[in-house]
Amino acid sequence: MSRSSRPSTAENLRKSQKPTQVLKKPAPSYDGDAFVNLFGHRGARDIMILDSLGVPLRSTCSQRRTFHYVTNLKPLLFMARNVVRDLDPSNDITFMRIRSNIGEIHMTLGTDFILIIVQKLRKLRRSSAL
């Protein structure tokens with residue numbers, strides 16, 4: 001028998017051993033939809049999460065609408081923050097609410113992120129017994 005025709009001992013060992021399965025830990029799942037659904041039940045129309053510089057990280061609305069809100073609301077939020085700091089340097093703005101005839105905009109300013117929620121207004125029921 002020639003050397004090339006007989007299997008080597010290493011090949012025999014590989015054939016006799018079953019392949020070992022590497023057990024991987026499952027990656028932690030982030031259920032982002034639960035966050036969106038929570039605000040959806042409360043009447044939120046759009047939710048935008050921005051980093052501290054105002055760059056959108058996550059949004060439930062279209063990219064165009066997100067860009068529109070961010071470009072208009074970010075300067076307003078930073079101007080309001082500067083006004084509050086001018087009045088009292090030890091104070092800082094953490095929450096801002098803007099209400100119009102169409103809806104409300106809630107903005108939370110944190111150290112690491114900015115959260116913007118656009119909420120639709122609910123129509124008030126008028127009683128007929130007036």
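Considering each of Arg126, Arg122 in turn, give the residue that is closer than 17 Å to Asp46 by Cβ, at pLDDT below 90 and outside any helix (DSSP H, G or I).
Within the list Arg126, Arg122, the selection yields Arg122.
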Scanning the range 63-84 for residues that are open to solvent by less than 80 Å² (accessible area, probe 1.4 Å) and charged (D, E, K, R), which turns out farthest from Asp51 (Cα to Cα)? Arg81
Exactly one of these conditions fails for Arg97: (1) in a strand (DSSP E or B); (2) at pLDDT below 90; (3) open to solvent by 100 Å² or more (accessible area, probe 1.4 Å). Give me its number. (2)
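The values are calculated or read from the model by the stated rules, or taken from the named source; none is laboratory data. All of these numbers come straight from a predicted model, not from anything done at the bench. Ideal geometry is used to build each Cβ from the backbone, glycine not excepted, and the neighbour counts take in all protein chains shown. Heavy atoms of the whole protein, side chains included, go into the accessibility calculation; ligands, DNA and RNA do not. Shrake-Rupley method; radii C 1.70, N 1.55, O 1.52, S 1.80 Å.
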